[in-house]
Each structure stands twice: as C-alpha cells, then as structure tokens.
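Novice: Below is a structure I'd like to ask you about.
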Amino acid sequence: MSPILKTVLQRLGLGLITLFAVSIIIFATIEMLPGDFAKAILGQSATPDTVAAFQKRLGLDRPPVERYLNWIGGVAQGDFGVSFAGLGGLGGGQETTVVSLVAPRLANTLFLAGLTAIVAVPLALILGMLAALYRNSFYDRIVNMVTLTSISVPEFFVAYILMLLLAVPHVVFDSPPFYALAKINFDMPFTERVMRSALPVMTLVLVIVAHMMRMTRAAIINLLSSPFIEMARLKGVSPRRIIYRHALPNAWAPIATVIALNLAYLVVGVVVVEVVFVYPGIGQLMVDAVSSRNIPVVQACALIFAATYILLNLIADIVSIVTNPRLLHPR
Amino acid sequence: MTLLQDNSREGAMPAVAGTTALPPRRSWRESLLRDMKHAPLSAWFGMAVIAAYVVVAVFAPLLAPYAENELVGAQYEPWGDPFFFGTDQLGRDLLSRLIYGARNTIGIALMTTALSFTIGGMLGMLAAVLPGWVDQSLSRFVDVLMAIPQLIFALVLLSIFGSSIINLILIIAVLDSTRVFRLTRAVALNIAVLDFVEAAKLQGEKLTWIMIREILPNILPPLVAEFGLRFCFVFLTISALSFLGLGIQPPTADWGSMLRENSTLINYGDVTPLLPAGAIALLTVAVNFVVDWFLHKTSGLKD
C-alpha cells in the first residue's frame with residue numbers, strides 16, 4: 001500500500017473516531033437534564049402519569065447505552081427521532097419527525113454557504129496573494145487595517161450596517177435589488193433565491209474574506225521567505241516563473257488548510273446571520289429549538305454542524321498531505 | 001495587563017541571571033514608559049478606548065442619567081431632550097441602559113475569561129509537568145471537545161441547563177478553557193524540560209509550587225496576549241448568544257439583548273440598534289489593536 005494512501009486512511013479512521021466521540025458527548029448531554037425536565041416541557045399541570053408516559057416515550061426508563069445505540073443506529077439510517085414540539089399532548093398531537101424539520105432547512109443553509117464560498121474563496125485568495133506580493137505597500141497596509149477591523153467586529157454589526165445602507169432605502173421591503181429579510185423557499189426560481197439571499201451572503205463574505213485573506217497572506221509570505229525561493233531569485237528566474245513553478249505547488253497545502261478552516265468557521269457564522277435576516281436555515285432552527293428546549297432537534301442540528309466541521313478539517317488535512325508528501329514524515 | 005507583564009520579567013530573572021553579565025536592567029516602570037512612547041497610533045487608540053470603557057463600567061451609576069430598569073417615558077421616544085438616545089421598547093432611557101450595559105456585558109465577559117484561564121491554565125500546566133496518562137487523557141478529551149464548534153456546543157448545553165447568568169459563565173468558560181489549555185500546555189512543555197524545573201522537582205517542591213512559581217512566570221507573555229484575544233472571543237460569543245435571546249436575560253441591560261430588542265427599528269432607517277452593536281464592535285476592535293501591538297512587541301517580529 002502506498003504511504004500516501006495509508007496516511008489518508010489513517011486520517012479517515014481518526015476522523016471517524018472523533019465523530020463517534022462527538023456523538024457520544026452530544027448524546028450524553030441529555031443525561032445531564034435536570035429531573036424536572038419533563039414538567040418544564042409538559043407544563044406545570046402535568047400529572048405524574050403524563051410525566052411517566054413522556055419519559056417512557058423518550059425511553060428514559062431504559063439504560064443509556066441501549067438508548068445511545070438506538071439513537072446512533074437511527075441517525076445512521078437518517079432517522080433523528082421525533083421532535084418534542086408535537087409531544088405536548090402525548091398521543092393527541094401530531095408527531096413531527098426531526099428529519100422533516102431539519103432536511104429543508106439544511107438544504108437552505110447549504111445553498112447560503114455554497115453561494116458564500118463561491119464568491120468568497122476566489123476573492124480572498126486573490127486579495128491575499130496580492131497583499132503578500134506587494135507586502136508593506138500602501139495597498140497592503142490598507143487591506144491589513146480593514147481586515148483586522150472586520151475580523152474584530154461581530155457578524156450582526158456588519159449585517160445591520162449592510163441592511164441599513166442597502167435595504168432600508170427601498171422602504172417597500174419586498175422589492176429588488178436588496179431584500180432586508182431573506183425569506184426564501186425552494187419553490188422560487190433560482191435567480192430570485194439568489195437575489196433574496198444577497199444580504200446574508202454579502203455579510204458572510206465580508207467576514208470570511210477578511211479571515212481567509214489574512215491567512216493566505218501569512219501563508220504566502222511564509223513561503224516566499226523560504227530558502228528555495230531565494231535561491232530561484234538569485235538564479236535569475238523570472239518572477240512569474242517563481243510564482244507558478246516554485247511557489248504555487250508548495251502553496252496548495254497551506255491554501256487548502258486556509259479554505260477548509262474558513263468554511264468550517266462559516267458553519268458557526270451562519271447561525272447569527274440567519275437569525276438577523278430571518279433566513280430559514282438550520283442555524284435558525286437550532287436557535288428556536290434551544291429556546292423551546294426541543295432537545296432532539298438541538299442534538300440533530302449539533303451533530304450535523306459538528307460532522308461538517310470535522311469533515312472540513314479532515315479534507316484540509318488530506319489535501320495538504322496529498323499535495324505535500326513531506327508531511328508523511330513528521331519530524 | 002502591564003502588571004502581569006512585569007511579574008514575568010522578574011520571575012524570569014533567576015533563570016537568566018548568572019549565565020552572562022547582563023547590562024543593567026531597566027525597571028519595569030521605565031521600560032513600560034519606553035514601550036508606550038513607541039506604541040503605534042492604533043495601539044494608542046485601542047488603549048484610550050479601553051480606558052474609556054473601564055471608566056464608564058466602573059462609574060455607571062454616577063454617569064447614567066436614569067436607573068437601569070426605570071420606566072421614564074413612552075416607548076421608542078426619539079433622540080434629543082430629555083432622553084439623549086431616546087427610549088427603548090418599554091420606555092427605558094437608552095443611554096442609561098447603554099452605560100449599565102457596559103458594566104454588565106464587560107463584567108460577565110471578564111469573569112468568564114478569568115475563569116476560563118484559571119481552568120485551562122491550571123490543567124495545561126498540569127499536563128505539561130505530568131506527562132503520561134494525565135497529559136494523554138486531558139489532551140484527547142480536549143481534542144474531542146474542540147471538534148464541536150464552540151457556539152454550537154454552547155447552544156446544546158444552554159438547551160439542557162437553561163439560560164441564566166451563572167450557567168452562561170460556566171458553560172462559556174469551560175468551552176473556552178480548551179483553547180487556553182492547548183496554548184498553556186504547548187508553551188509550558190518548553191519550560192517544563194528546563195534545568196531549573198528539574199532542580200525544583202529534585203528538591204522535592206510540591207506540584208503547585210512548580211506550576212505557579214517555576215513555570216507560570218515564564219509563560220506569562222503569550223498568555224497575556226491570549227487573554228486579550230480570548231476576552232474578545234468570549235465577549236463576542238456572549239453578545240451573540242444574548243442577541244439570539246439565549247444569553248443574558250432581561251431585564252439586565254446588556255448590549256447583545258438591547259440590539260435584539262430594538263432591531264426592528266432598523267427597518268425604519270433608525271440607527272438606534274447600531275449603538276449597542278457599535279459599542280460591542282468598538283471594544284473588540286480596540287482590544288485587538290492593543291493585542292496586535294503587544295504580540296508584535298513580545299515576539300520581536302520585524303514584519
């Protein structure tokens with residue numbers, strides 16, 4: 001087996017183990033529920049019988065290991081259980097599966113994140129490389145200042161400023177070109193969905209480009225100061241050839257890491273931005289579920305977020321190993 | 001910050017003294033003054049802003065024209081006399097709530113960061129001085145915790161324990177301490193293998209003595225810079241949670257929840273909701289500027 005394949009398989013295994021441990025932690029949180037939790041969900045008037053029935057419905061009368069295996073087995077088959085929201089009446093109310101709540105929201109969030117990535121990644125890489133090449137120039141200083149500021153500023157601040165500047169002048173809200181509230185659904189034509197998501201995408205792009213371009217700049221500067229680049233320069237190789245033949249092949253690893261890390265950051269940033277723009281995504285679903293303490297939905301969302309996060313970090317790892325065989329031999 | 005920094009210098013002395021004849025050391029007061037003179041404009045701006053925030057937070061009851069939760073007028077009164085920034089959705093004076101908000105928001109974030117550094121720093125140094133199963137189990141546990149995005153994990157825990165200020169502080173502090181643990185362990189490992197630590201061990205010093213008197217003074221500069229960054233992060237996380245309605249609960253005046261409560265005003269072109277948001281943003285920018293300068297100075301980088 002080639003050493004690269006072996007290392008990649010190792011990383012994959014490690015990722016699976018991490019995912020397993022994370023699922024245990026997310027599941028274990030339900031064990032920490034205070035004893036009066038059923039009452040909090042069912043209301044103070046719940047009789048002891050109702051409480052007992054509720055706990056039985058959740059399986060709280062069975063040992064934790066069995067429940068975990070049931071839960072994770074269901075998750076593996078795409079079944080995240082039943083939402084608490086319909087359980088109030090116990091038998092009377094309609095049961096809603098978590099999947100039916102999460103799936104459409106997840107699709108919306110992936111749409112938002114995808115749009116953001118398509119705009120942000122090339123933009124950040126170009127800006128970062130330019131800043132690294134023209135280092136300490138006026139351009140570099142300005143970019144440095146602007147990005148440091150926009151990194152420090154919270155997402156909701158950026159979001160509301162954009163809303164105030166771009167959307168509010170069109171006081172009739174549901175009018176192009178900018179919508180203050182991104183209420184989209186999949187029945188809309190593609191272009192309209194893009195138009196309506198413009199403001200959340202712009203907010204996320206602003207935040208993420210700042211991070212990504214700073215990291216790209218640092219990675220390239222680090223690379224350009226290495227001895228083999230200096231050697232090439234001293235040999236009289238043209239600057240263009242230095243970039244394409246000497247620097248770029250070695251830059252893929254750090255750049256891939258930068259992209260993956262920032263897409264992972266996007267996973268978290270999306271929560272706040274979705275709430276600001278009332279975007280019907282998984283982040284908002286999770287926030288609503290937390291405030292109504294709808295634990296199965298919270299667990300499902302958390303697992304999805306964590307899995308995405310782990311997956312992106314794993315991809316970054318693997319890309320950097322594949323493009324840079326030196327990493328196979330850690331010192 | 002500066003107080004901690006001078007400790008580190010004095011603490012580092014025994015390790016250095018005796019090797020070569022050093023030029024006479026400046027007292028920490030002199031070197032502080034010297035550093036301040038050479039600080040760039042952005043760092044000065046940052047320090048001035050931080051000082052202003054601290055003054056507002058400490059003297060909140062003297063500065064605020066009205067009490068924190070006093071209903072003084074109608075809802076959403078406009079800016080001007082008698083309410084400088086108008087009133088909020090219940091008719092409370094917005095300026096007063098902004099001023100009290102400084103005290104509550106910064107206070108809670110500061111407490112959380114301090115707690116997170118106590119937990120993370122102690123465990124990190126413990127892992128550094130006790131290699132083997134202590135280090136391994138702590139590190140692997142932290143790895144798993146860090147595999148879940150922090151805000152998401154905080155949301156899960158808040159849904160279990162419910163939102164209260166104590167829960168908020170504990171949850172964020174524990175989650176944030178994982179990052180502090182990583183950093184402390186990494187820098188402490190370099191110190192833990194030095195001769196004077198070995199000597200202290202042979203001398204039979206207690207574990208706490210080795211951690212606090214031998215290692216801690218030598219790893220303070222990176223920790224101080226990290227404290228600034230972690231404070232920003234904690235502050236933003238708590239504000240974000242409050243903004244989502246899951247952090248600091250009403251009626252406590254807090255910038256995140258104030259933004260949430262007044263956010264509908266933005267639809268009418270009113271900039272009032274930007275005041276608490278701007279207050280949050282300005283403080284984090286200021287702290288970042290100062291930390292940036294501090295890092296640049298202590299790392300000795302000439303970029």
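The values are calculated or read from the model by the stated rules, or taken from the named source; none is laboratory data. Nothing here was measured: the structure is a model prediction, and the numbers come from that model. Cβ sites come from the backbone with ideal geometry, for glycine too, and all protein chains shown count toward neighbours. Calculation scope for accessible area: heavy atoms of the full protein, side chains included, ligands and nucleic acids excluded. Shrake-Rupley method; radii C 1.70, N 1.55, O 1.52, S 1.80 Å.
Novice: Do we find that residue B:159 is under 22 Å from residue B:111 (Cβ atoms) and either within 13 Å of chain A (Cβ to nearest Cβ) or surrounded by 17 or more Cβ atoms within 10 Å (Cβ to Cβ) (or both) in this structure?
Specialist: So residue B:159 fails the test.
Novice: Moving on. Looking at residue A:249 and the list (1) more than 10 Å from chain B (Cβ to nearest Cβ); (2) open to solvent by less than 30 Å² (accessible area, probe 1.4 Å); (3) in a helix (DSSP H, G or I), which single condition is not satisfied?
Specialist: Only one criterion is unmet by residue A:249, namely (2).
Novice: Please note which helices (runs of 4 or more DSSP H) are completely contained in region B:123-195 and include at least 3 residues that are in contact (Cβ under 8 Å) with a residue 24 or more places away in the chain and closer than 19 Å to residue B:207 by Cβ.
Specialist: Correct list: B:133-146, B:165-192.
Novice: While we're on this one: Can you report the number of residues in region B:241-262 which are surrounded by fewer than 24 Cβ atoms within 10 Å (Cβ to Cβ) and in a helix (DSSP H, G or I)?
Specialist: Selection size over region B:241-262: 3.
Novice: Ok, one more. If I filter region A:314-323 for residues that are among the β-branched types (Val, Ile, Thr), surrounded by 22 or more Cβ atoms within 10 Å (Cβ to Cβ), in contact (Cβ under 8 Å) with a residue 24 or more places away in the chain and more than 14 Å from chain B (Cβ to nearest Cβ), do I get at least one hit?
Specialist: Taking every residue of region A:314-323 in turn, none turns out to be among the β-branched types (Val, Ile, Thr), surrounded by 22 or more Cβ atoms within 10 Å (Cβ to Cβ), in contact (Cβ under 8 Å) with a residue 24 or more places away in the chain and more than 14 Å from chain B (Cβ to nearest Cβ).
Novice: May I pose another question? Among A:163, A:188, A:202, which is open to solvent by less than 50 Å² (accessible area, probe 1.4 Å) and at pLDDT 80 or above?
Specialist: Of the residues listed, the single one that is open to solvent by less than 50 Å² (accessible area, probe 1.4 Å) and at pLDDT 80 or above is A:163.
Novice: Something else: Restricting the search to region A:278-295, which residues are small (Gly, Ala, Ser) and within 11 Å of another protein chain (Cβ to nearest Cβ)?
Specialist: A:283, A:289, A:291, A:292
Novice: If you don't mind, another one. Which members of region B:78-107 meet the condition of being open to solvent by less than 10 Å² (accessible area, probe 1.4 Å) and in a helix (DSSP H, G or I)?
Specialist: Within region B:78-107, B:94, B:96, B:97, B:101, B:102, B:105 meet the criteria.
Novice: If I filter region B:237-261 down to residues being modelled with pLDDT under 85 and among the polar types (S, T, N, Q), which single residue comes out as nearest to residue A:272 (Cα to Cα)?
Specialist: Checked region B:237-261; the qualifying residue nearest to residue A:272 (Cα to Cα) is B:249.
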